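Trainee: The structure follows.
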Amino acid sequence: MVELKMVSFIFTEMVVTITMMMMMMMIFSLAYAISSSLSTDEGKALRSTGWWNNSASHHCTWEYVNCNEANSVTEISITSSDKELGELSKLNFSSFPNLVYLAANR
């Protein structure tokens with residue numbers, strides 16, 4: 001009888017452990033999907049300005065753009081001598097939740 005209780009206890013612990021591992025994997029997958037979506041939105045927002053036309057590379061590798069470790073834009077710094085600025089209204093600021101610095105000088 002003692003052996004049966006021990007086996008039951010071990011089985012229960014294994015089920016709990018596996019369930020917790022699956023939940024953690026789901027959380028990490030969701031976090032990755034959100035991060036990936038954010039990064040895609042930022043790239044689209046930058047392309048829509050017409051300031052960057054490099055659609056092949058990741059926007060965090062573009063000149064005048066700095067990103068954090070999560071590949072989210074934190075800085076945009078361009079001047080009119082570098083590019084034709086056009087209108088800032090083309091830049092969808094809501095696409096950059098981590099933007100802390102913006103310099104667009106003429």
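The values are calculated or read from the model by the stated rules, or taken from the named source; none is laboratory data. Since we're looking at a predicted model, the values are computed, not measured. Because the Cβ atoms are built from the backbone with ideal geometry, glycine has one as well, and the counts that use them run over all protein chains shown. For the accessible areas, the whole protein counts, side chains as well, though only heavy atoms, and no ligand, DNA or RNA atoms are used. Shrake-Rupley method; radii C 1.70, N 1.55, O 1.52, S 1.80 Å.
Trainee: In nm, to one decimal, how far is the modelled label at residue 11 from the one at residue 40, with both set 7 Å along Cα→Cβ?
Mentor: 4.3 nm
Trainee: At 1.4 Å probe size, put 75, 42, 13 in order of accessible surface, largest to smallest.
Mentor: 13, 75, 42
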